[in-house]
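Laboratory data are not the source of any read-out in this text; all were calculated from the coordinates shown. Computed from a prediction, not measured in an experiment: that's the story for all the values here. Please note: Cβ atoms are built from the backbone with ideal geometry, for glycine as well, and neighbour counts cover all protein chains shown.
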Amino acid sequence: MIAILLIAALAAANGSPAPQGDVARPVADIVSPIWSNPAYRDGAHEVEQIVARLSLRPGMRVADIGAGSGYDALRLARFVGPKGRIFAEDVTSAYLDQLRATVKETGLKNIDIVEGAAGDPRLPPGSIDAAIMVHMYHEIQKPMALLAKLAPAFKPGGRLGIEELDRPTGAHGTPPKLLTCELAAAGYRLMDLKPLRGGLGYFAVFAPPSSAKLGAANAARACGG
């Protein structure tokens, strides 16, 4: 504990944030199982926009990283249909308990609940066509470790989509330049980055690296924040 406090004090004296997790920038606390309200997101056609940006199709297998109460997971489950699969992953047990109850109520049979860890989504290798992180990247305690563990879960041609607000990570957003820098440090290649309609923020699409091209976690410290 003394060592941690000393590192924080030195960082403050130098005018830079103390390292948190495996990045040298603030990491926001997890404060809610859902971002904004469902009616607003439905009106902005959030899921439809995600489907289009990632070229999702019925029958695909998609991971919702940081699924929370399941806003996106539930809607995507209906889109991919009975031949598709949704992996609803989160690190907060209480959120997953709530989602299990909701899944049972809806009768959806194509959602797998996955309890991940701060640096590991715990998905099987080659299990997904795509993954999404919706307004939660800034809350990941160990983003570099998680991205490294996530990469093997993608099938060939897989895509990662990240939805964020353009504001500091400590204010529950991620500036686009910071996001692309950290993803590049982890070996992910930016394919597209554009605003979403309806004031939802921006959506970035990345191609995951092969296991041979995973970036070094410490490289992300140079990205700042």
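Between helix 71-80 and the chain there is an angle of about 40 degrees, using the helix long axis and the longest principal axis of the Cα atoms. For the chain, the relative contact order works out to 20 percent when only alpha carbon pairs closer than 8 Å and six or more residues apart are counted.
Each listed q (0.18, 0.20 Å⁻¹) maps to a log10 I(q)/I(0) for the stretch 36-223, found by the Debye formula over equal Cα scatterers with no solvent: -1.27, -1.61.
Suppose R0 equals 25 Å. What FRET efficiency, 1/(1 + (r/R0)^6) with r the Cβ-Cβ distance, do ARG122 and SER210 give to the nearest 0.05?
Values: r = 20 Å, r/R0 = 0.81.
The pair ARG122/SER210 has a calculated efficiency of 0.75.
The count of lysine pairs in the chain that are at least 8 places apart or cross chains, and whose C-alpha atoms lie under 22 Å apart, stands at 9. The ellipsoid that matches the Cα gyration tensor of the stretch 47-134 has semi-axes, each √(5λ) in whole angstrom, of 18, 15, 12, with the longest given first. Between the Cα long axis of helix 2-13 and the first principal axis of the chain there is an angle of about 80°, rounded to the nearest 10. Modelled label positions at ALA171 and ALA222, each set 7 Å beyond Cα in the direction of Cβ, lie 2.8 nm from each other.
Note on ARG100 and GLU115: the model spin-label points, each 7 Å out from Cα along the C-beta direction, lie 0.8 nm apart.
Give the percent of DSSP beta bridges with both residues in the chain that are antiparallel, rounded to the nearest 5. Present the calculation step by step, with values, prior to reporting the outcome.
Working: 13 of 33 bridges.
The antiparallel proportion sits near 40 percent.
The trypsin sites (Lys or Arg not before Pro) of the stretch 85-124 that DSSP puts in a loop, and whose beta carbon has at most 11 other beta carbons within 10 Å, are LYS109.
A Förster distance of 22 Å, applied to the separation of the beta-carbon atoms of LYS155 and ILE30, puts the FRET efficiency at 0.15.
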